[in-house]
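Report on the structure given below.
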Amino acid sequence: MMPTILIPLDGSPQAEEGIPCAVAIARRTGAQLLLVRAVLTAGSIGSEAADLDRALVADAQKYLTNMVQDPQVRGLRTSSLICEDEAAAAIVGAADKRADLIVMSAHGRTALDQVAYGTVAAEVLRRSPVPVLLVPRDTSSTWADSVPLRLVVALDGSEAAEQAIIPARELAQALDMELVLVRAVEPRPAFRPGLMIPVPVSADPHILEIEIEDAEASSLAEAQTYLECWAAILQESWLRTRIFVAEGEPASVIREAIHEHRAHGVVLTSHSGSGATEIGSVARTVLASSYVPVMVIPTPAEEMDLSETDHVTIVPNGEPDRALVFTLSEDEADLASLALRTLIDGRRSGSSLKNLIAVLTRLEQIREQGRGLGFDEDLVRAS
């Protein structure tokens, strides 16, 4: 399954906390372990600097030699590598040439508190060409337990998210894990109690409530059917599977599934809609708060296809010559929707509130009608 597992180390006990998970995988798969330590040298400018560089490399080599002989990795094929480079660059470079999986602690000695899972880990996640298993500090889930293990697989219906399925299947087969397929159904955005969109602003409240309930029930049923289809496919490989569908923000639903099913890990993709150089907001949130290991599958960068964005034309007070045309990506449309709801929350009444509601309503209607289609002819009346 995984010929080589790379474990980044920096000499600290915290960085070594990723070793048990890597060992558990290696023992079940026959993978080789590659222990990597980065040493940032001065480039041998002057004799004193050269002496310091040699001392740093010698210290790193001694440390790695001891780690290769550590009882934790006894019986496994284990090698070491010193990279004279900045930590994240060294890890990514070594993985690109020699590894199939990176297993690292969320907090090494070089990590800062600016990001919950560490600045080095954050950079590796952004740039890694191979999956990264991030192990939270002080986690009780080391995958070495004899208890049945469960693995949450986060899906959202997109092809990008589905790239997590094959690695999750391979991991589950190797470690005899049960898969919990999870999909969140995001609730209709509400900007004040009892009122939700997308709906006509003049809709009858009773009819509106029924329409909202029907739409939410339909979305939940669709998500349930989607996961059942994938569960049936995975069961053909003799994998035990469960499905979990809930309404809420994706990261919250994933955390809920971890808790409810007592899961020991999560697999998700890094996709953000902005290419492989960014980690999506859902993945970032899960990584920053998870108390179980999280495997992030990199998704390839793609050129933005403007034909697959939402096109909105706003005509101020019905004056076409003053029309503004917006081409929005999905992430940008999410941001625009959030901004409009924030503005609406700050207003109690008046024509300005009505216009904001109209814009938000039409934006959501356009997005629901289907992405990948042009809506340049759709007009949103607004001031």
Quiz item: When the residues of region 11-69 are filtered to those that are surrounded by fewer than 15 Cβ atoms within 10 Å (Cβ to Cβ), among the hydroxyl-bearing types (Ser, Thr, Tyr) and at pLDDT 90 or above, which remaining residue is nearest to Val294 (Cα to Cα)?
Solution: Ser12
Practice problem: Among residues belonging to region 280-291 that are crowded, with 20+ Cβ neighbours inside 10 Å and not in a helix (DSSP H, G or I), point out the one that is modelled with the lowest pLDDT. | Solution: Gly280
Quiz item: Does Val185 satisfy the condition of being at pLDDT 95 or above, touching a helix residue (DSSP H, G or I) at 6+ places or on another chain (Cβ under 9 Å) and buried (at least 19 other Cβ atoms within 10 Å of the Cβ)?
Solution: no
Quiz item: Being in a helix (DSSP H, G or I), at pLDDT 90 or above, under 30 Å from Asp176 (Cβ atoms) and not polar (S, T, N, Q), is that true of even one residue in region 297-308?
Solution: no
Quiz item: Would you call Val124 farther than 18 Å from Arg255 by Cα, at pLDDT below 90 and assigned to a helix (DSSP H, G or I)?
Solution: no
Quiz item: Does Ala89 fit the bill of being at pLDDT below 90 and of a type in the set (Gly, Ala, Ser)?
Solution: no
Exercise. Sort out which residues of region 131-177 are among the basic types (Lys, Arg) and in a strand (DSSP E or B), and write them in order of number.
Key: Arg150
Practice problem: Considering only residues that are in contact with a helix residue (DSSP H, G or I) (Cβ under 7 Å, 6 or more places away or on another chain) and either of a type in the set (A, V, I, L, M, F, W, C) or under 18 Å from Asp10 (Cα atoms) (or both), look in region 129-139 and name the one that is modelled with the lowest pLDDT. | Solution: Arg137
Quiz item: Can you tell me which residue in region 70-90 is surrounded by the fewest Cβ atoms within 10 Å (Cβ to Cβ), limited to those that are closer than 18 Å to Val23 by Cα and of a type in the set (Gly, Ala, Ser)?
Solution: Gly75
Exercise. For region 220-255, enumerate the residues that are in a helix (DSSP H, G or I), of a type outside the set (A, V, I, L, M, F, W, C) and under 21 Å from Leu149 (Cβ atoms).
Key: Gln235, Arg255
Quiz item: Here are Gly93, Gly18: which of them is without any contact (Cβ under 8 Å) to a residue 12 or more places away in the chain, touching a strand residue (DSSP E or B) at 6+ places or on another chain (Cβ under 8 Å) and not in a strand (DSSP E or B)?
Solution: Gly93
Quiz item: Is there a residue being at pLDDT below 95 and more than 27 Å from the chain's Cα centre (by Cα) anywhere in region 93-112?
Solution: no
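The values are calculated or read from the model by the stated rules, or taken from the named source; none is laboratory data. Note that this is a predicted model, so its numbers are computed, not measured. Please note: Cβ atoms are built from the backbone with ideal geometry, for glycine as well, and neighbour counts cover all protein chains shown.
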